[in-house]
1. Convert 4 °C to kelvin, take the viscosity as 1.567 mPa s, use the Kirkwood radius over C-alpha pairs of segment 64-106 as Rh, and evaluate the Stokes-Einstein diffusion coefficient in µm²/s, rounded to a whole number.
2. What residues of segment 99-113 lie in the reach of a label at E159, counting those whose backbone N is under 18 Å from a point 7 Å from the Cα along Cα→Cβ?
3. Give me the net charge for the shell around R50: Cβ to Cβ below 12 angstrom, other residues only, Lys and Arg +1, Asp and Glu -1.
4. Give me the orientation-averaged projected area of the Cα convex hull of segment 81-161, in nm², one decimal.
5. With θ set to phi - 60° and the Karplus curve 6.51 cos²θ - 1.76 cosθ + 1.60, what are the ³J(HN,Hα) couplings of segment 79-86 in order, to the nearest whole Hz, using x for Gly and Pro?
6. Where in the chain are the DSSP H helices whose alpha-carbon span along the long axis reaches 20 Å or more and whose Kyte-Doolittle mean is at least -0.5?
7. What translational diffusion coefficient, in µm²/s and rounded to a whole number, does the Stokes-Einstein relation yield for segment 12-161 at 10 °C and a viscosity of 1.306 mPa s, taking the hydrodynamic radius as the Kirkwood radius over Cα pairs?
8. Show the residues, 5+ positions off or on another chain, whose built amide H is closer than 5 Å to the amide H of V55.
Amino acid sequence: MTIDGVKVVEGLFQAQGKRFGIVASRWNGFFADRLVEGAIDALVRHGASRDDISVVKCPGSFEVPMVTKKLAETKKFDAIISLGVLIRGATPHFDHISAEATKGIASVSMDSGIPVAFGVLTCDSLEQAIERSGSKAGNKGVEAAMAAIEMVSLYDAIEGL
Ligand code: RBF
């Protein structure tokens, strides 16, 4: 694609032959599991093989960055999708854990060079968690998986420049 005769580099939504790791917290597992299902569904519907997807469960969102790092270090994945569910009403630790999860996940991606999609819900209420894990506001696991697919393809395109 070009804009005014200038080449534009962008990713496609094609996941064939790519390997994906999904990290998900057990905390608020009722919602986190919906995100995992959404992510798998999006990957498979865009061409990924189920054999090329690994789901790793960890205790909570605080551990999600650590496990994401561990997965990145294996170099067995083209992208990682990091999922968790924080609900403010349920935890006074909300701000601390969400800050650590956000910073940690970003730094794994920056340090490893592997795209990591951020799919940790930070909800003010149970209702928001319901809305974002497969109802009114869609499924954020699907959105994170789509971002991961696009980023893998984008990295390939950049490497081919
Ligand atoms: N983890 C989550 O993923 N979502 C939560 O809403 C959540 N709430 C927590 C509330 C408290 C008071 C504590 C102590 C932990 C909570 N965790 C939550 C778990 C946290 O991410 C981590 O797994 C544990 O603190 C163990 O390191």
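1. 114 µm²/s
2. Answer for segment 99-113: 109-113.
3. -1
4. 5.6 nm²
5. Karplus values, whole Hz, x for Gly and Pro: 7, 10, 10, 9, 10, x, 9, 10.
6. 29-45, 94-112, 140-159
7. 106 µm²/s
8. Hits under the 5 Å cutoff: I22.
The numbers here are math on the coordinates, done by the rules we state, and not lab data. Worth saying up front: this structure is predicted, and the values here are computed from it rather than measured. Quick reminder, even Gly has a Cβ in these numbers, built from the backbone with ideal geometry, and neighbours come from all protein chains shown.
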